Amino acid sequence: MPSLSDLGHLPKRLVLGRAVRSDRLGESLLPKRYALPIFASDPLSSVAYATQEILIVLTLAGTAYLYLAPWLAVGVVALLITVVLSYRQVVRAYPSGGGDYEVAMKNHGQFAGLVVASALLVDYVMTVAVSVSAGTDNIISAFPSLDEHRVLIAVSLVALLAAANLRGLRESGKTFAVPTYLFITGIGIMIVTGLVRWFVTDGGLVAETSQYTVTPEPEYTQLGGLALLFFALRAFASGCTALTGVEAIANGVPAFKPPKSRNAATTLALMGGIAASMFAGVTALALLADVKYVEHPCDLEGFANCDTEPQRTVIAQIAAAVFGGDGSAGFYYIQAATALVLILAANTAFNGFPLLGSVLAQDRYMPRQLHTRGDKLVFSNGILLLAGFAALLIIAFDADVTRLIQLYIIGVFTSFTIGQWGMVRHWKREMALTSDPAERGRMRRSQVINALGGTLTTVVLVIIVITKFTHGAWLVIVAMPILFGLMRAIHRHYDHVADQLVPDSDSRMLPSKVHAVVLVSKVHKPTLRALAFARATRPDALTALTVNVDDADTRQLQADWERFDIPVPLTVIESPYREITRPVVDFVKGIRRDSPRELVVVFVPQYVVGHWWENVLHNQSALRLRTRLQFQPGVMITTVPWQLESSIGLDGDGHGGGPAPGDLRRGLTDDATPYG
């Protein structure tokens, strides 16, 4: 029958399942069919809002500049292909999973490496917030009445994602594979069906917003020259959200099955081809169906109840136009698949953030706890940290994708840029180490690819910073230096501690004497055990110490001491102000002052209790004493436990176990040979 303590662990077991042994780590490695949905769900799902973000910017000027959309889409696809080719070089050259961080650290140095790390950490948090909020948008597009519960839905979805990832890489891969492949299939069918209807049949495509006109914002009514160029570049920068998450595969190479680099490179190619095709197809259908999507719904002339009703997303409008209305099975299939994959796209960050956090912790730029694997061999602390920050961001921005998207992609393009130029340096260094013409030729091709990627991502980063700074991107630009400074401070702390712990000649020198001090409150079993242990260590001096806070109690203690004929003199120190901790600390300091090379060992009896509330009733004085004494140099504190009956049969986790030490002596077991 399970105990109460077993029931206390039940919620954890329900969420995580059974713990996994460390030697089964290899069994959690991913084949390509699972790695694609885990690491590539973010760039694949971004087609659900990348086109939408382009249209939001272009419709600020009404419909006059929608003709720029196909050219901007071509630019985004070209950039996506270039970045994917560039990252194929990264996974081959740096398969350890550090990604852009490792590239920057090894080729540019610590400063650039920490810039990349801070950028990626911010971007991963943004990925979760944006993806989940966008998924919530698609749920609301199908069920508008849920709009008032937007934030609650989004935060609940973050919690579900965290729970799924805490169950382990392989299990989460199986969970997320089906929705990702359903989304790819659904979008593919929608694109093919829509193009056939437009070019082959006479069905045509008419979006629900095609009859609406758009009221341009006053400052965008007359654009020309540099103003038009800046406007187009801003729309292009918004469309570059299609590239988010591309770097996650480079950060997750260790999670692939061998051959790791080849499998990661293949998965990158698959992801790039699928994402580019879907983005191009969705953009084409949006333009053919004359979809309109605006930043402020009331700018859509003809849209009734614009103050209360949410706009349907671009994907929702296309699905309704292609499959015959918002009541069709195809419409609900696309909405369900899109909402699921957008929510699960955050899984890219739930794998990338903990892996990067682990690497940073190993390099002593993050707390060591981020390098610790949990019950299911995942970096549980990193998953929980990411979920917490993403939930705070969703609450702060009311799960509004339009507001959150302004903070997006700066981090990822910062890492793109520094990483690609780091790879150019890497290939230059590698070419200097070989004289084989074929090998040098291969390296030269890789260097050219990375140089092209670095050039394009640098240009895009400048565009993003300029066009999005006043729209909220400044928050990311502020957050990154804060993270940078925090990591530098953590590293300095670890270095400082390491310097203090380097062994020197004094570390091996034995103390001249050992003075044992046993703290006594009354004559009982815990005190006698502590005295016995102290005597067994054969110290040079042994003091049984009590503090007089009540004359009557102290006289009773002295009488009991003589009655039990204890062979150690009892030393009584006065405490006129009825304190216990300070007189003991002063006594120990006095020993150290008289003999600085003498080691003082303080034996503190302590009850071991079986219920949390018993700690409130016991051990408080011992806790305060240990806390104060641990700051005294040359003083060791030895806790002497005494198990109360409430703790019998429990282990350190509160689980029932076998007989505890002392059970037979106390008569607490019916087994004649409890240890046999």
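Derivation of every value follows stated rules applied to the coordinates shown; laboratory data play no part. From a predicted model like this one, the values you see are computed outputs, not experimental measurements. With ideal geometry, Cβ positions are generated from the backbone for all residues, glycine too; neighbour counts draw on all protein chains shown.
Provide the per-residue ³J(HN,Hα) series for the range 541-546, in order, calculated from phi with Karplus coefficients 6.51, -1.76, 1.60 and θ = phi - 60°, each as a whole number of Hz, with x at glycine and proline positions.
Per-residue couplings from phi come out as 9, 9, 10, 8, 10, 9 Hz.
Restricting to the chain, what percent of DSSP beta bridges are antiparallel, rounded to 5?
10
Looking at [x] 1.05; [y] 1.11; [z] 1.26, which value of Cα Rg over 2.2 N^0.38 Å comes from a calculation on the structure shown?
Checking each listed value against the structure points to [z].
Within the range 456-557, list the trypsin sites (Lys or Arg not before Pro) lying in a DSSP loop whose Cβ has at most 13 other Cβ atoms in a 10 Å radius.
522
Okay, helix-only estimate at 222 nm for the chain: each DSSP H run of n ≥ 4 adds -39500 (n - 2.57), divide by all residues, round to 500 deg cm²/dmol; what do you get?
After summing the helix terms and dividing by the residues of the chain, the value is -20000 deg cm²/dmol.
Is the shape of the range 357-505 rounded, prolate or oblate, going by the alpha carbon gyration tensor and its root eigenvalues a ≥ b ≥ c, with a/c under 1.5 for rounded and a/b larger than b/c for prolate?
The shape class here is oblate.
Among all lysine pairs in the chain that are eight or more places apart or on different chains, how many have alpha carbons less than 23 angstrom apart?
15
Against the longest alpha carbon principal axis of the chain, how many degrees, from 0 to 90 and to the nearest 10, is the axis of helix 110-142 turned?
Taking the Cα atoms of the chain, the angle to 110-142 is about 70 degrees.
Return the sequence-ordered ³J(HN,Hα) values of the range 223-240 in whole Hz as given by the Karplus equation 6.51 cos²θ - 1.76 cosθ + 1.60 applied to θ = phi - 60°, using x for Gly and Pro.
So the J values, rounded to whole Hz, are 10, x, x, 5, 4, 5, 4, 4, 4, 5, 5, 5, 5, 5, 4, 5, x, 5.
Quick one: 3J(HN,Hα) in Hz for the range 72-83, Karplus 6.51/-1.76/1.60 with θ = phi - 60°, rounded, Gly and Pro as x.
Computed from phi, the couplings for the range 72-83 are 5, 5, 4, x, 5, 5, 4, 5, 4, 5, 5, 5 Hz.
If a/c stays under 1.5 just call it rounded; otherwise compare a/b with b/c (prolate if a/b is bigger, oblate if not). Do that for the range 438-487, with a ≥ b ≥ c from the square roots of the Cα gyration tensor eigenvalues.
Because a/c hits 1.5 or more and a/b fails to exceed b/c, the range 438-487 counts as oblate.
Under 5 Å between amide H atoms, partner at least 5 residues away or on a different chain: which partners does residue 639 have, H built in plane at 1.01 Å?
604
Once the Cβ-Cβ distance between residue 147 and residue 396 is put in as r, and R0 is 22 Å, what FRET efficiency do you end up with, to the nearest 0.05?
Step by step, r from the Cβ atoms, then E = 0.75.
Check residue 608: other-chain or 5+ apart residues with amide H under 5 Å from its amide H, H built from backbone geometry?
Amide H to amide H, under 5 Å and 5 or more residues apart or across chains, residue 608 pairs with 642, 643, 644.
Between residue 542 and residues 5 or more places away or on another chain, which pairs have amide H atoms under 5 Å apart, with H built 1.01 Å from N, and which residues are they?
516
Given axes a ≥ b ≥ c from the Cα gyration tensor, I'd like to know whether the range 432-546 is rounded (a/c under 1.5), prolate (a/b larger than b/c) or oblate.
Taking the square roots of the gyration eigenvalues as a ≥ b ≥ c, the range 432-546 is prolate.
Can you pull out the cysteines in the chain that have no other Cys Cβ under 4.7 Å?
Lone cysteines by the Cβ rule: 240.
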